[in-house]
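Accompanying notes for the structure given below.
The values are calculated or read from the model by the stated rules, or taken from the named source; none is laboratory data. Owing to the predicted nature of the structure, the values given are computational and were not obtained by experimental measurement. No Cβ is skipped: glycine too gets one built from the backbone with ideal geometry, and neighbour counts run over all protein chains shown. These accessible areas exclude ligands, DNA and RNA; they are computed on the full protein's heavy atoms, side chains included. Shrake-Rupley method; radii C 1.70, N 1.55, O 1.52, S 1.80 Å.
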Amino acid sequence: MLIELLNHFCRAFERNIEGKETIRLSNTDGVSGGRHLFQQFEKTISTDLEHLVLPEDIEAQIEQEILSACGAKPALFTPNSTFENLASNQIRTYVQPVKRAVKKCSETITEIASQLSRKTFKRFPTLKREAHQICLSLILMKTQDVEKFLDNYMSCEISYINTNHKLFTADRKRIEQEAVDEGAELSFEKQNVKRIKGLLNLYSNIIKNQLMDVVPKTVMCFMVYGFKENLHKELIRSLAPRDKVGELMREDVYIEEKRDKATRMLQALEAADSITCMVD
């Protein structure tokens, strides 16, 4: 019976993630766990990143960065380091939305596992507690895998600004020409600021779109599918040894009392029925 319960729990989790079953999570209308995860991606990573635009004082930051790079001499050409430093600073603002998305998804997986364990193992409090702890440990491990991967990914994006990115080079000339046309009456320095601002906006949007794709894929691969694929093995390894089965399958005292009461009532009814038959 223990193996059967563990199998049922794992199948229920998988079906919930795939949308074949639904479970009422907090702040939802009974959607499946997989659908709720998708909503978390939409509410956190996508929405948060879309709201992260260039700061209002970006032009002043650009001017300061140019001065720092060129010193006292007027800048005939803008050093690459100016754009790279500003782009890196902007990408750093995306770190927290990424972390929030991972945290929300981890909480969702934890809630799904918790509700399913309460439902599946409700008759067996020790089994429910042990299974829940195994789920928490496995979710934590898979969440750490996601965090490690995304931390490394963000470090790559921050440390190396790829100005040869295909999407960046495709629109770069257009952005630069627009800056010249719009700033025809401005000084060279002001035109340069407008140009860099346009390029920063272009590059940051490219990175945001990449993150909107990479973060859900990473969460699904390492956390959701990683948890699902290892869940059954971990439960069997930790809970199936014969010396633990008796303790794990001990029913709740309240359920045992109800069963004893029902048994005594049935015996009493059978006795009464026997007496009635004798009288007849």
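Could you say whether any residue in segment 176-183 is of a type in the set (Gly, Ala, Ser), over 30 Å from residue 241 (Cβ atoms), open to solvent by 40 Å² or more (accessible area, probe 1.4 Å) and at pLDDT below 95? Looking for residues that are of a type in the set (Gly, Ala, Ser), over 30 Å from residue 241 (Cβ atoms), open to solvent by 40 Å² or more (accessible area, probe 1.4 Å) and at pLDDT below 95, one finds none in segment 176-183, hence no. Cβ separations smaller than 6 Å between residues 6+ apart or across chains give no pair from segment 2-15 residues that are open to solvent by less than 70 Å² (accessible area, probe 1.4 Å) to residues that are of a type in the set (Phe, Trp, Tyr).
In segment 204-225, what residues are under 13 Å from the mean Cα position of the chain (by Cα) and open to solvent by less than 40 Å² (accessible area, probe 1.4 Å)?
Let us first name the residues in segment 204-225 that are under 13 Å from the mean Cα position of the chain (by Cα), namely 211-225.
211, 214, 215, 216, 218, 219, 223, 224 - these are the residues of segment 204-225 that are under 13 Å from the mean Cα position of the chain (by Cα) and open to solvent by less than 40 Å² (accessible area, probe 1.4 Å).
So is residue 49 under 18 Å from residue 210 (Cβ atoms), modelled with pLDDT of 75 or more and not in a helix (DSSP H, G or I) or not? Against the criterion (under 18 Å from residue 210 (Cβ atoms), modelled with pLDDT of 75 or more and not in a helix (DSSP H, G or I)), residue 49 does not qualify. Residue count for segment 98-136 under the criterion of being free of Cβ contacts under 8 Å to residues at least 12 places away in the same chain and within 16 Å of residue 230 (Cα to Cα): the result is 1.
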